[in-house]
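All remarks here apply to the structure that follows.
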Amino acid sequence: MSESTKYIFVTGGVTSSLGKGIISASLASLLQSRGYSVTIQKLDPYINVDPGTLNPYEHGECFVTEDGAETDLDLGHYERFLNRPTSKANNVTTGRIYLNVIEKERRGEFLGKTVQVIPHITDEIKNHIKILGQSGEYEIVITEIGGTVGDIEALPYIEAVRQLKWELGESALVIHLTLIPYLSATGELKTKPTQHSVKMLQESGVQPDILVCRTEYPLGDDLRKKLALFCNVKKDAVIESINAETIYAVPILMRNEKLDEAVLKRLKLPSNQDPDLAQWKEFLYRLKFPKTEVQIGLIGKYVELKDSYKSIAESFIHAGAHTEVSVNIRWIHSETLQPDTLEESLGGLHGILVAPGFGERGFHGKLHAVQYARTRKIPFLGICLGMQIAVIEFARNVTGLENASSTEFHPDNPYPVIDLMEDQKKITDKGGTMRLGAWKCRLKPDSLAHTIYKRTEISERHRHRYELNNAYRKPLEDSGLILSGINPDKDLVEIIEIKDHPFFIGVQFHPEYKSTVYNPHPLFVHFVKAADQLARLNE
Ligand code: GLN
């Protein structure tokens, strides 16, 4: 480990879903804006080897890194707040830790020893925690421990934190994120759950250095003193985290509470340079005071759980702030879209996005939505499955290939315009076997894609098994489909467009994974601009 790397651990208490990811990302962005190089990693205590095989209803979106790791959605927040890519080293699960240890055991690397949770599993966790620090790239590594203190499955992680804190001394600190509930019957904020969760951490030998307290009302001086007294922390280490209007306001709230100063002081790092938050504040201002408004329909089959489309929703926030347009998303369940209810569901929209997904459920609804957008000239963006459905719709209704489809849902269809790639046909394992991560794509000069990206070669992240079938390129092109982005290594179609439409584009990749606060994605920016133009026309 690099001698000088500092480690910050973020644990959670009282309840889950307090926003450890946002607090970690906000702290990281404050430290980064003071000139420190910072990264964040997430340790997930579940037994899946990665979240790639999880249903979005279970765990929300699966975020894909440049190097092709399928990871927790919090990594998306880290990238959006830090404007820096993460990698497979930034996320690990219990399943991965055990798999590594068991594979070592099979190779005989433990030399006949009994393999146990302590020290073997905890050593593997510690090694993983230190990988990013050892790269020499970062002065500060923030490690978020998933789950809540007291969960049985989190115990080896807390033990690893205890050991590392002991080994690293002043180069490590623990931030405990907790909830201060408000009892409306008595009109009071209550500290007892926090006292109990800190006690639980202490029972595992970990004393938190800083408490970040989620609350609906300001904490007040007495309450801060009380928390400090009962939880063994200094009063300046009791940080209020009051509910914010947007997650992007949290870095500013944390700055006002001096979380960054509390951290730097304890890590014995200089804090003479104030954070430069001008650009961040400018973004917040544009987000808060848009000039116009658009309605965008997001068509998907997991819309009951909006976290399933986290990066798409955040990309609209970035693009909206950039263009000073308030983007209101209408969440539309693809299964509810029938020809006779289309007007009711899609009427008044200024843009239609057909979302990524897997399997046949909702297929017809998405097909109707694409046709509606194409024929009524409503700006359209199809992402991954959304692009594939746009190709199917075009093949059926323009090229005249009746019942054309994807072999994913109709294996025996007459015109498989979307089909498995050759090297996917032999694969039977589901985990980590899709076409994943960053791939190059060459753009056709003067296409819409070229106008949007303003260059001829781009790189975007993928997560899929199926592709536009090259055998159908000619009939599709002959009938007017523009194949405007091609993967140069594998000769695969990555982008499709149509003529005589204000904005109609489908992309096989996931642009949403690369949109950040400071670099809103050009596809979303131009899509929002096109939607805004339509909204102005309709006024
Ligand atoms: N199900 C499609 C495929 O595997 C699309 C995947 C996606 O939308 N991410 O190719």
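Computed values, structure above
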{"read-out": "Scope region 28-58; condition in a helix (DSSP H, G or I) and either touching a residue at least 24 places away in the same chain (Cβ under 8 Å) or of a type in the set (Lys, Arg) (or both); matching residues", "value": "ALA28, SER29, LEU30, LEU31, GLN32, PRO51, GLY52, THR53, PRO56, TYR57"}
{"read-out": "Set LYS306, LYS310, LYS268, LYS301: member being surrounded by fewer than 16 Cβ atoms within 10 Å (Cβ to Cβ) and either basic (Lys, Arg) or more than 25 Å from the chain's Cα centre (by Cα) (or both)", "value": "LYS268"}
{"read-out": "Matching strands (runs of 3 or more DSSP E) fully within region 380-457 where at least 3 residues are closer than 26 Å to HIS526 by Cβ", "value": "380-383, 435-443"}
{"read-out": "Which listed residue is within 27 Å of GLY437 (Cβ to Cβ), crowded, with 19+ Cβ neighbours inside 10 Å and not hydrophobic (A, V, I, L, M, F, W, C), from ASN91, ASN48, ASN55", "value": "ASN91"}
{"read-out": "Subset of region 488-501 [within 20 Å of ILE392 (Cα to Cα) and out of contact with any Ser or Thr (no Cβ under 6 Å at 6 or more places or on another chain)]", "value": "ASP491, LEU492, VAL493, GLU494, ILE496, ILE498, LYS499, ASP500, HIS501"}
{"read-out": "Residue count, region 217-236 (criterion: part of a loop (DSSP other than H, G, I, E, B) and either within 19 Å of GLU261 (Cβ to Cβ) or modelled with pLDDT under 95 (or both))", "value": "4"}
{"read-out": "Members of region 394-409 that are more than 13 Å from the ligand (Cβ to nearest atom) and surrounded by fewer than 24 Cβ atoms within 10 Å (Cβ to Cβ)", "value": "ARG396, ASN397, VAL398, THR399, GLY400, LEU401, GLU402, ASN403"}
{"read-out": "Residue under evaluation HIS77, criteria (1) part of a loop (DSSP other than H, G, I, E, B); (2) under 23 Å from the mean Cα position of the chain (by Cα), criterion not met", "value": "(1)"}
{"read-out": "Test: residue in region 286-305 that is modelled with pLDDT of 95 or more, part of a helix (DSSP H, G or I) and either in contact with a helix residue (DSSP H, G or I) (Cβ under 7 Å, 6 or more places away or on another chain) or closer than 30 Å to LEU173 by Cα (or both)", "value": "yes"}
{"read-out": "Test set (1) touching a residue at least 60 places away in the same chain (Cβ under 8 Å); (2) within 16 Å of the ligand (Cβ to nearest atom); (3) in contact with a helix residue (DSSP H, G or I) (Cβ under 9 Å, 6 or more places away or on another chain); (4) not in a helix (DSSP H, G or I) - GLU494 fails condition number", "value": "(1)"}
{"read-out": "Filter result (in contact (Cβ under 8 Å) with a residue 60 or more places away in the chain, within 16 Å of the ligand (Cβ to nearest atom), farther than 20 Å from ARG396 by Cβ and in a loop (DSSP other than H, G, I, E, B)) within region 333-364", "value": "PRO356"}
{"read-out": "So LYS113, is it assigned to a loop (DSSP other than H, G, I, E, B), farther than 25 Å from PHE283 by Cα and among the basic types (Lys, Arg)", "value": "yes"}
{"read-out": "Filter result for SER326 (in contact with a Pro (Cβ under 7 Å, 6 or more places away or on another chain), at pLDDT 95 or above and hydroxyl-bearing (Ser, Thr, Tyr))", "value": "yes"}
{"read-out": "Residue selected from region 427-463 under the condition basic (Lys, Arg), more than 16 Å from the ligand (Cβ to nearest atom) and on the phi < 0 side of the Ramachandran plot, by the criterion surrounded by the fewest Cβ atoms within 10 Å (Cβ to Cβ)", "value": "ARG455"}
{"read-out": "Which numbered condition GLU105 fails, given (1) farther than 17 Å from ILE129 by Cβ; (2) in contact (Cβ under 8 Å) with a residue 24 or more places away in the chain", "value": "(2)"}
{"read-out": "Any chance LYS366 is at pLDDT 95 or above and out of contact with any helix residue (DSSP H, G or I) (no Cβ under 8 Å at 6 or more places or on another chain)", "value": "no"}
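The values are calculated or read from the model by the stated rules, or taken from the named source; none is laboratory data. Only a predicted model underlies this, so the values are computations on that prediction, with no experimental measurement involved. Neighbour counts run over all protein chains shown; Cβ positions are idealised from the backbone, glycine included.
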